Structures are given as structure tokens and as C-alpha cells.
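Quick note: the coordinates plus some simple rules give every number you see, no bench work behind them. Values in this document were obtained by computation on a predicted structure and should not be read as measured data. FYI the Cβ positions are ideal-geometry reconstructions off the backbone, even for glycines, and counts take in every protein chain you see.
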Amino acid sequence: MPLSQTPTAIAIDPRRYLMAIHGPAGVGKTSFGAQIAGHYFFHTPNSGVEGVEIYGDPILSWKDFVAKAKEVIDAKKGGFESQREIKICVIDVLGDLFDYAGVEVCATQRFMDKGVAYKFDKIDDVPWGKGYKAAYKLLLRNLGTLYLNGFGILLISHTKERIVKWAGQDLTHYGFNLPPSAALAVKAACGAIGHFIVEERIEKGEGGVILRVETGRSMFWQPTFLRLAKHRLKHFPEKLDLPIDRGWETYCDAFAETVENLRTAKLKTQELTLKQHPVTVVITDSKGNVTKSESVS
């Protein structure tokens, strides 16, 4: 079988990504996932599905997740006969699924320490962070299986605040509610990561009472020193509004506009290259003699 020498096209379906979002409870992460056509939720006890209309099933252990993932894959292989088509698998919440993976690792693996194989009850107790590594490798391997079978992935996480030192100051960094090594591994695997926030202003009410007044909700898709976010689609907007009932639609509009801008820029570059470096067309006869030669720009 010959090697493919055709460049892949930009993915035009935003559901066909391995993406993650994180933010505080109640900001609208679960509602964002529920607005995606063709979603299927793997939801855990700490998810925000209460009061949100979703398609999916509860996941209470690692075995539950593996079994349900297999059902989803088998349904796709069967053409989703007599059932709703699934396009994207939503994990709500990521921290719980990581904990399930940790329990599975401790139940099935032993870890070497000073030449002796030990069994541990908690991955926190495994030396040198080997337990965390085993758990996130198990997690990403199984998510990868879903992705390679044609499903998009949306990971929903609560935000974890960490204090970082910079120029003698204590600053707050916002990221996944995971151990640092696991957070880095998930970050590397994702094609897009959004940080969802509620924006507020402080006001003084009657009697000097301090009030926090919501001024809007936003999603950030580009990183800073203090914010975990990313997008592999070049020039994707840094910040988008997060309307509670149209968050996914807002994201898709920005995605489509960015893809169109990239295509337009690519066509302009190709036209400019052709003008600067015209192609010479050579026509020969049956004996290989040149009968005509001209430049095409």
C-alpha cells in the first residue's frame, strides 16, 4: 500500500477534537456540553448534570467506564441501528474518572521500589509519582481508543487554584483539578482547552455591605502564565462570550470563522507564490524532443 502524500485538511467539525474545559461550579460547563448535537455523557457523582437535559449514563467505577465505552464503540460499528447517533463523548467530571483510574491501577498493578514490587492502596502513596503516571496513562489510553474510533472527546473539569510565586508575589494559577503531572499529560493530549469564568465587580451596598455583582460569563481559549488554555487552530480567538444557552453555538461560530480565515490566507499565499515563482510548462513529442515551453503564472 503506497504512503499517503496528500496533506490532511483542517478539521471543520469542532466536535472532532479532543478538548477540555474547566471552570468553577455553576459557570455553565455541563450546559455547554449538553448543547452539542450528538453528545453522550459519561457522568460521575460530582458532575453538574442535575437540572440539565442530557443523553448519557452514570459512571461509578473504572469498570463502568470501560464497559460503557465499549457499548458506544460497538453501537458505532453497528451503524447506530435503531438508536441515536453519537458524535462526541463528554466526560463529566474528569477528576472523578482520574480517581477511578487510580483505584484500578492500585488493584491491578505493583510498583518497584528499591528492587521490591509493592502493592499500594492509594496512588498518592506510590513513590516518585509512579502511581499518578500509571493512572493518567490508563486514562489517556482509553480516551484515545474512543477518539480513534471516530468520536470527539470533551473533558469537563472543575478548576483548581494553585498559588505560584512570581517576582516575590503570590499569584493564583487556574487549571485542571488533577495532580500536576496528570494535568500536564492531559494538556499535551488536548487540541483545545477552554477556561470558563464568571466575571464580577465589587460594589458597596447599603450599610457598607460588600456585594459581588456578576457582569458576564466568558470562555478563554489562549493561555497566559496564570491560565490553562490552548487551541491548536491557529489564530483562534483568545476570549469569547459564554451565553448560558448558546455557549456551544458561540464557539462553533468562532471556529467556522477562524477556519475560513485560514483557508483565505492559504489561497492568497498560494497565489502570491505562483506569481513570484511561475511554473514552466514543457511539451515534448513522442521522442522526447521539446516542442513547446512556456511560463504560467
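To the nearest 10 degrees, how steep is helix 180-189 against the longest Cα principal axis of the chain, on a 0 to 90 scale?
30 degrees
Using Cα-Cα distances under 8 Å and only pairs 6 or more residues apart, what relative contact order does the chain have, in percent?
Dividing the mean separation by the residue count of the chain yields 19 percent.
Report the full-extension gain for the segment Ile244 to Asp121: residue separation times 0.36 nm, less the Cα-Cα distance, to one decimal in nm. Could you put the intermediate results ahead of the total?
Working: separation 123, 0.36 × 123 = 44.28 nm, distance 4.11 nm.
Stretched out fully, the Ile244 to Asp121 stretch lengthens by 40.2 nm.
What are the equivalent ellipsoid semi-axes of the stretch 18-296, built from the alpha-carbon gyration tensor (square roots of five times its eigenvalues), in whole angstrom, biggest first? Walk me through the numbers before you get to the answer.
Working: eigenvalues 342, 174, 105 Å².
Computed over the stretch 18-296, the values are 41, 29, 23 Å.
Taking only the Cα atoms of the stretch 51-168, how large is their convex hull per residue, in Å³? Display every interim value, and only then the final one.
Working: hull volume 20.1 nm³, N = 118.
Expressed per residue, the convex hull around the Cα atoms of the stretch 51-168 is 171 Å³.
Report the FRET efficiency, 1/(1 + (r/R0)^6), for His235 and Thr108, where r is their Cβ-Cβ distance and R0 is 41 Å, rounded to 0.05.
Numbers: r = 44 Å, r/R0 = 1.08.
Efficiency at R0 = 41 Å is approximately 0.40.
So what is the 222 nm mean residue ellipticity for the chain from helices alone, if each DSSP H run of at least 4 adds -39500 (n - 2.57) and you divide by all residues, rounding to the nearest 500 deg cm²/dmol? Let's see the in-between values first.
Details: 6 runs with 96 residues, N = 297.
After summing the helix terms and dividing by the residues of the chain, the value is -10500 deg cm²/dmol.
Between Gly247, Gly205, Gly48, which gets the highest mean-square fluctuation from a Gaussian network model of the chain, Cα cutoff 10 Å?
It is Gly205.
Under a 5 Å amide H to amide H cut-off, with H placed in plane at 1.01 Å, what residues pair with Lys87 once short-range neighbours are removed?
So Lys87 has HN proximity to His39.
Would you mind calculating the relative contact order of the stretch 69-177 from Cα pairs under 8 angstrom and at least 6 residues apart, reporting the percent as a whole number? It would help to have the intermediate numbers written out before the result.
Details: 121 pairs, mean separation 30.6, N = 109.
Over the stretch 69-177, the number comes to 28 percent.
If the limit is 25 Å between Cα atoms, which of Lys77/Lys130; Lys77/Lys122; Lys165/Lys230 go over it?
Working: Lys77/Lys130 36 Å; Lys77/Lys122 37 Å; Lys165/Lys230 22 Å.
Over 25 Å Cα-Cα: Lys77/Lys130; Lys77/Lys122.
Please say if the stretch 97-156 is rounded, prolate or oblate, where rounded means a/c under 1.5 for a ≥ b ≥ c the square roots of the C-alpha gyration tensor eigenvalues, and otherwise the choice is prolate for a/b larger than b/c and oblate otherwise? Don't skip to the end; give the middle numbers.
Working: a/c = 3.04, a/b = 2.48, b/c = 1.23.
Note, shape of the stretch 97-156 comes out prolate.
Using only Cα atoms, locate the centre of the stretch 172-205 and the centre of the stretch 140-156, then give the distance between them in Å, rounded to an integer.
Each part reduced to its Cα centre gives a spacing of 21 Å.
Mind checking which of Val90, Val27, Val209 has the largest fluctuation in a GNM of the chain, springs on alpha carbons under 10 Å?
Val209
Under the rule of at least 5 residues apart or a separate chain, name every residue whose amide H is placed under 5 Å from the amide H of Arg217.
Under 5 Å from the amide H of Arg217 lie the amide H atoms of Glu199, Leu242, each far enough along the sequence or on another chain.
Once you place label points 7 Å from the Cα toward the Cβ at Leu184 and Lys266, how far apart are they in nm?
Simple spin-label model gives 3.3 nm for this pair.
Using a 7 Å offset from the Cα along the Cα-to-Cβ direction at both Ala37 and Phe80, what is the distance between the two label points in nm, to one decimal?
1.0 nm
Normalising by the residue count of the stretch 132-174, find the relative contact order in percent from Cα pairs under 8 Å and 6+ residues apart.
For the stretch 132-174, the relative contact order is 22 percent.
Order these by the 10 Å Cβ neighbour count, fewest first: Trp128, Trp221. Intermediate values should be presented prior to the final figure.
Numbers: Trp128 10, Trp221 22.
Taking fewest neighbouring Cβ atoms as first place, the list is Trp128, Trp221.
Fewest first, what order do Met19, Met112 take by the number of other Cβ atoms within 10 Å? Let's see the in-between values first.
Working: Met19 22, Met112 11.
Going from least to most buried by this count: Met112, Met19.
Of Ile36, Ile163, Ile73, which is the most mobile in a GNM of the chain whose springs link Cα atoms less than 10 angstrom apart?
In the Gaussian network model the winner is Ile163.
Which of Ser157, Ser31 comes first, and how do the rest follow, when ranked by fewest Cβ neighbours within 10 Å?
Values: Ser157 26, Ser31 22.
Neighbour counts put them in this order, fewest first: Ser31, Ser157.
Return the sequence-ordered ³J(HN,Hα) values of the stretch 242-256 in whole Hz as given by the Karplus equation 6.51 cos²θ - 1.76 cosθ + 1.60 applied to θ = phi - 60°, using x for Gly and Pro.
Result, ordered by residue: 10, x, 4, 9, 9, x, 5, 4, 4, 4, 5, 4, 5, 4, 4 Hz.
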